[in-house]
Amino acid sequence: MENRKISGFNTLHPAVLFTYFVSVVIVAMFCTNPVMLFLALIGGVSFFGVMKGAKLFFQDLCFYILMAVFIAIINPLFSHNGVTPLFFMNGNPVTLEAILYGVDIALMLVGVIYWCKCYSEVMTTDKFLFLFGKAVPKLSLVLSAALRFIPLFRRKLKEIRSVQSSLGLYEKKGMINRVTAELKVFSSLITWSLENSVDTGASMKARGYGLKGRTHFSVFTFRKRDLGYLICIIVLVGIVILGMSMGISDFKFYPEISEFNFGLKQIAVYISFGILSFIPFLSELWEVIMWKYSASKI
Amino acid sequence: MEILSIKNLSFTYPMLNTRALDSVTMTVEQGDFVVLCGQSGSGKTTLLKMFKREITPNGKCSGEVFFKGEPIKDIDDRTSAKKIGFVFQKPEQQIVTDKVWHELAFGLESLGYDSKYIRLRVGEMANYFGISSLFHRKTENLSGGQKQLLNLASVMAMSPDVLILDEPTSQLDPISAGDFIATLKRLNTELGLTIILTEHRLQDVFPIADKVAVLDNGKLIAYGKPREICRELKKHPVSAGFPSAVQIYNSTDISTDCPLTVREGRDFINNNFSKRKIEIRDTVPKTEIAVELKDAFFRYEKEGQDILAGTRLKVYKGEHFSILGGNGSGKTTTLKILSGILKPYRGSVFINGQKMNRKPLTEYSRMGIAMLPQNPETVFIKPKIIEDYIELCKIKGVENRDKKIAEITESLGIKGLMDKHPYDLSGGEVQRCALGKILLANPSIILLDEPTKGIDAYGKISLAKMLNKIKSQGRTIITVTHDVEFSAIVSDRCALFFDGDVLSNSVPQEFFSTNNFYTTSVSRICRDRFINAVTVDDAVSLIKEGGQYENKNN
């Protein structure tokens, strides 16, 4: 993750990013309306695509398409609700409603997974720590120290293993010998990490850790642009949630599939959610265009 | 103005009878660069920790330490944390957080500054120390030198008045160590920062030090200007670590000023001696080949770079072969290939004439290969050294176990350490114990990875003696090191590893006297007059042999 592509959306303030991801994922999880789920899915997939590049994107996509097909098939096998039986299997009806509902769930799951993938790409630990560190400053330091320590631990484990294997520790075959050897290595690793933490503790103390009134520094600033995005997000998600709570975007599969309604209210909700899902993608796109434009001036 | 002073300070660790510090009295003036030296166990680190209240060890303490005239125990916590900076020995262990920027800000966060102030200080530090490009990086991905520089910068961010450093370069390669010391010099001259430092590499720090303090068994036996100390402690064991120029000077009875740097040393030699020459003798019998690499290729990743690119290497039975080279040149990888941990994807490895490419790891140790890793404490996985020894004997089926252990511990002088925990030993002691463990399997070829890392001058001398002893038992030794001075003393042949291949290889005298840059300081000092002299012993023997020296002026 060292050389992350600096992108437009990525550089927003963590609070804005967090609000954004939480709203999109929650809406996607609590709605069954296929139009909205489809918008969410396409928004997430396209954002992921711009971020990771074509090669990784397609490798990933194949897997999720298979997964979606699998879910869509599984549902009608277990759920026999619905009024339109297509055929019977082992004496149970396979209904059109159940199949479509399976497709709908698949849309939702894959969409949410993509959004979560985007989240973990964008919301790196330092951003997360920045957001929640203020509430629990001790915890955030512990997390940061743990994140520092885990790779160190892993590297040491590898080192000890390699040295010990050349000393013949793993020579004896068999499960039990193998396990006892690993246990020995692990226990020496624990001793090492205790020893290590004594040094780290001294270094923390030497730099004044434990003094009263510790503050919390971060490299993030809240700019005008962040405010703009935040207002946009809140307004859009407000419309969507209002619409959902008024039942405007309700959609039922059982016992009978509801009809699609394209009234003014519905369209307002769809458009709002559509814009919301495409904010990251559009902002990336905007960034590219802006860059092309300003680069042509240079 | 005096900034730190100690009056009659004595200190005893709990449960021990001997004093770690014994009536030490010294003053440090503002702006001084003080180097504290002494053999390991002389109380250097203990003394340094006395200056920094937060990490002062528990124990019986008498006497006083003053910071700017005030007893150090009376100053408030903030001042102590802020004004006295401390950098520890191990670069890795003192880093607390996962990001470089967070590490830089850590001390300032503790002091409770607001983000605006911290941002400015942190930016300032990143710029001054040239680490701005690392600012958003993860700390785990930095090199050792970068890590130690980060540690220095994050202490300096708190703008201390005194900087205390406990052997900060002992874990670094010579190039990073040189950079680090140059940075310290810059802090001292540009900012007038007071610096107190313990250090193995006296060669690099003596020329820039204002004062040198020497500790021996907890007593301060000398404190003064470097040149004076060099002359005063001519016979003391600590002189083994003095700069080469000083050591050469001390072997004569010329009473001009004591030279400290290579340049002064060269003038000293050129002014006082005529041209002499050391005959190069290649003593290695080139009969039996112990280890051979034939056009070996190796890389870590499928699409990565070749680390070994057609490496050819021949090491003869009974010789000590040193492979020198910079960081990341592939020295350690070569050693891992020879020990069977890694396998080349093309080319072949021969040990005692047998092709080893497809053989398992156990076969390598059966052929008599043993490796001492860079961090010797990884050799031990039990709470006592002796338990590890017994374990190895069981694994390898060593007969006459007790007799064998007794023999080895006797010859390495580690009998008294057998019941200790590996982490309670000093760097040199762990290494000797690790070497002992490896010798239990009676290997015929020993591979050493950076054996002088973290070891002081005196420890290096005893290590060299020990290696010579092991070699005289008919074993072959292959060392991989940065340490040119050490390899000049111990090796029969040296080679430079560069761009995936072993470049030149010849006896040290020839190897180092043909190199202009990658060579020992003695070679740099003496090359005009003493042809082929590369170690202090070489130079001293030429001086002795020459008898009368001719002074050019006469």
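Data table
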| quantity | calculated |
| --- | --- |
| In segment B:25-82, the residues that are closer than 22 Å to residue B:108 by Cα, open to solvent by less than 50 Å² (accessible area, probe 1.4 Å), within 14 Å of another protein chain (Cβ to nearest Cβ) and outside any loop (DSSP other than H, G, I, E, B) | B:51, B:54, B:55, B:79, B:80, B:81, B:82 |
| Residue match in segment B:128-146 (condition: touching a His at 6+ places or on another chain (Cβ under 6 Å) and either in the same structural domain as residue B:28 (by TED's automatic domain parsing) or farther than 23 Å from residue B:37 by Cβ (or both)) | no |
| Segments classed as helices (runs of 4 or more DSSP H), wholly inside segment B:99-169, with at least 2 members that are open to solvent by 30 Å² or more (accessible area, probe 1.4 Å) and within 12 Å of chain A (Cβ to nearest Cβ) | B:115-128 |
| Leading residue by the ranking (nearest to the other protein chains (Cβ to nearest Cβ)) among those in segment B:345-382 that are open to solvent by less than 30 Å² (accessible area, probe 1.4 Å) and in a helix (DSSP H, G or I) | B:378 |
| Per-region count, segment A:205-231, residues open to solvent by 70 Å² or more (accessible area, probe 1.4 Å) and more than 9 Å from chain B (Cβ to nearest Cβ) | 6 |
| Cβ pairs under 7 Å, 6+ apart, first in segment A:166-183 and under 11 Å from residue B:362 (Cβ atoms), second polar (S, T, N, Q) and surrounded by 13 or more Cβ atoms within 10 Å (Cβ to Cβ) | A:166/B:339; A:168/B:362; A:168/B:365; A:171/B:362 |
| Matching residues, segment A:185-204, being more than 7 Å from chain B (Cβ to nearest Cβ) and aliphatic (A, V, I, L, M) | A:189, A:190, A:194, A:198 |
| Selected residue (criterion: surrounded by the fewest Cβ atoms within 10 Å (Cβ to Cβ)) from residues of segment A:166-184 that are part of a loop (DSSP other than H, G, I, E, B) and within 8 Å of another protein chain (Cβ to nearest Cβ) | A:172 |
| Count of segment A:114-149 residues which are basic (Lys, Arg), open to solvent by less than 60 Å² (accessible area, probe 1.4 Å) and more than 9 Å from chain B (Cβ to nearest Cβ) | 2 |
| Boolean, residue B:465 is free of Cβ contacts under 8 Å to residues at least 12 places away in the same chain, closer than 23 Å to residue B:240 by Cα and of a type in the set (D, E, K, R) | yes |
| Selection from segment B:492-544 of residues that are closer than 25 Å to residue B:335 by Cβ and of a type in the set (Lys, Arg) | B:493 |
| Given (1) facing chain A (nearest Cβ under 10 Å); (2) touching a Phe, Trp or Tyr at 6+ places or on another chain (Cβ under 6 Å), index of the condition residue B:89 fails | (2) |
| Odd one out for residue B:413 among (1) surrounded by fewer than 21 Cβ atoms within 10 Å (Cβ to Cβ); (2) over 23 Å from residue B:367 (Cα atoms); (3) in contact with a strand residue (DSSP E or B) (Cβ under 9 Å, 6 or more places away or on another chain); (4) small (Gly, Ala, Ser) | (3) |
| Near pairs, Cβ below 9 angstrom, 6+ apart or cross-chain, from segment B:285-308 (among the hydroxyl-bearing types (Ser, Thr, Tyr)) to any residue that is part of a strand (DSSP E or B) | B:287/B:316 |
| Segment A:6-30: number of residues that are among the aromatic types (Phe, Trp, Tyr), touching a Phe, Trp or Tyr at 6+ places or on another chain (Cβ under 8 Å) and in a loop (DSSP other than H, G, I, E, B) | 0 |
| Only one of A:67, A:29, A:36 that is out of contact with any Lys or Arg (no Cβ under 6 Å at 6 or more places or on another chain) and open to solvent by less than 20 Å² (accessible area, probe 1.4 Å) | A:36 |
| Extreme residue, nearest to residue B:373 (Cα to Cα), among residues of segment A:150-165 that are more than 10 Å from chain B (Cβ to nearest Cβ) and not charged (D, E, K, R) | A:157 |
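The values are calculated or read from the model by the stated rules, or taken from the named source; none is laboratory data. Here the structure is a predicted model, which means the values were calculated and not measured. Heads up, the Cβs are rebuilt from the backbone with ideal geometry, glycines too, and the neighbour counts pull from every protein chain shown. Remember, those area values only see protein heavy atoms, side chains included, never the ligands or the DNA or RNA. Shrake-Rupley method; radii C 1.70, N 1.55, O 1.52, S 1.80 Å.
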